Amino acid sequence: QVQLVESGGGLVQPGGSLRLSCAASGSIFSIYRMDWYRQSPGKQRELVASITSRGHTNYPEAVKGRFISSRDNAKNTVSLQMNSLKPADTAVYYCRVVTSTGDYWGQGTQVTVSS
């Protein structure tokens with residue numbers, strides 16, 4: 001079993017920045033990919049960042065150039081630096097890890113972008 005603990009959400013003004021972190025613990029053998037998703041009320045959960053074990057990243061157009069994902073393989077952590085935040089970025093953000101034993105999700109952390 002793998003546990004994920006997210007932190008770093010909160011309230012920020014438009015144009016501001018936040019950094020989310022996610023730490024994985026438990027029976028971890030191999031983490032192939034670490035993702036960040038978000039979900040706002042009435043919308044489907046969407047992928048906002050993905051990073052492989054080799055550090056290759058992928059972002060959708062909505063956040064490309066503003067969000068940066070990084071990971072520490074030794075510590076089994078992944079971070080999401082979010083810059084130039086917009087009200088449309090308001091959502092619950094979830095960490096997801098793809099491992100050799102399955103996929104695991106964090107509990108989510110609220111990000112609210114508002115003046």
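The values are calculated or read from the model by the stated rules, or taken from the named source; none is laboratory data. Computed from a predicted model, the values in this text were never measured in an experiment. For neighbour counting, all protein chains shown are included, and Cβ atoms are generated from backbone atoms with ideal geometry for every residue, glycine included. Side chains included, ligands, DNA and RNA excluded: accessible areas come from the protein's heavy atoms. Shrake-Rupley method; radii C 1.70, N 1.55, O 1.52, S 1.80 Å.
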Item to complete: Within segment 21-32, track down each residue that is in contact with a Ser or Thr (Cβ under 6 Å, 6 or more places away or on another chain) and open to solvent by less than 30 Å² (accessible area, probe 1.4 Å).
Response: Ile31
Practice prompt. Go through segment 16-44 and give me each residue that's closer than 15 Å to Val63 by Cβ and either under 16 Å from the mean Cα position of the chain (by Cα) or acidic (Asp, Glu) (or both).
Written response: Ser17, Leu18, Arg19, Leu20, Asp35, Trp36, Tyr37, Arg38, Gln39, Ser40
Worksheet item: Quick one: which of Leu85, Leu80 is in a strand (DSSP E or B) and within 17 Å of Thr112 (Cα to Cα)?
Response: Leu80
Practice prompt. Within segment 1-18, track down each residue that is among the aliphatic types (A, V, I, L, M), buried (at least 17 other Cβ atoms within 10 Å of the Cβ) and either at pLDDT below 95 or in contact with a Cys (Cβ under 7 Å, 6 or more places away or on another chain) (or both).
Written response: Val2, Leu4
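One residue is enough: does segment 43-55 have a residue meeting the conditions among the acidic types (Asp, Glu), open to solvent by 30 Å² or more (accessible area, probe 1.4 Å), part of a strand (DSSP E or B) and out of contact with any helix residue (DSSP H, G or I) (no Cβ under 6 Å at 6 or more places or on another chain)? Before you say what the answer is, go through the steps one by one.
If we filter segment 43-55 for residues that are among the acidic types (Asp, Glu), which is where we start, we get 46.
If we keep only those that are open to solvent by 30 Å² or more (accessible area, probe 1.4 Å) too, we end up with 46.
Subset that is part of a strand (DSSP E or B): 46.
Now restrict to residues that are out of contact with any helix residue (DSSP H, G or I) (no Cβ under 6 Å at 6 or more places or on another chain): 46.
For segment 43-55, residues among the acidic types (Asp, Glu), open to solvent by 30 Å² or more (accessible area, probe 1.4 Å), part of a strand (DSSP E or B) and out of contact with any helix residue (DSSP H, G or I) (no Cβ under 6 Å at 6 or more places or on another chain): present.
Which of the residues spanning segment 56-78 are within 19 Å of Val2 (Cβ to Cβ) and surrounded by 12 or more Cβ atoms within 10 Å (Cβ to Cβ)? Walk me through it before giving the result.
At the first step, the residues of segment 56-78 found to be within 19 Å of Val2 (Cβ to Cβ) are 69, 71-78.
Once the filter is applied, which keeps residues that are within 19 Å of Val2 (Cβ to Cβ) and surrounded by 12 or more Cβ atoms within 10 Å (Cβ to Cβ), segment 56-78 yields Ser69, Arg71, Asn73, Asn76, Thr77, Val78.
Here are some residues: Ile31, Ile68. Which one is of a type in the set (Val, Ile, Thr), modelled with pLDDT under 95 and on the phi < 0 side of the Ramachandran plot? Can you show your working first?
Numbers: Ile68 fails: modelled with pLDDT under 95.
When all the criteria are applied, what remains is Ile31.
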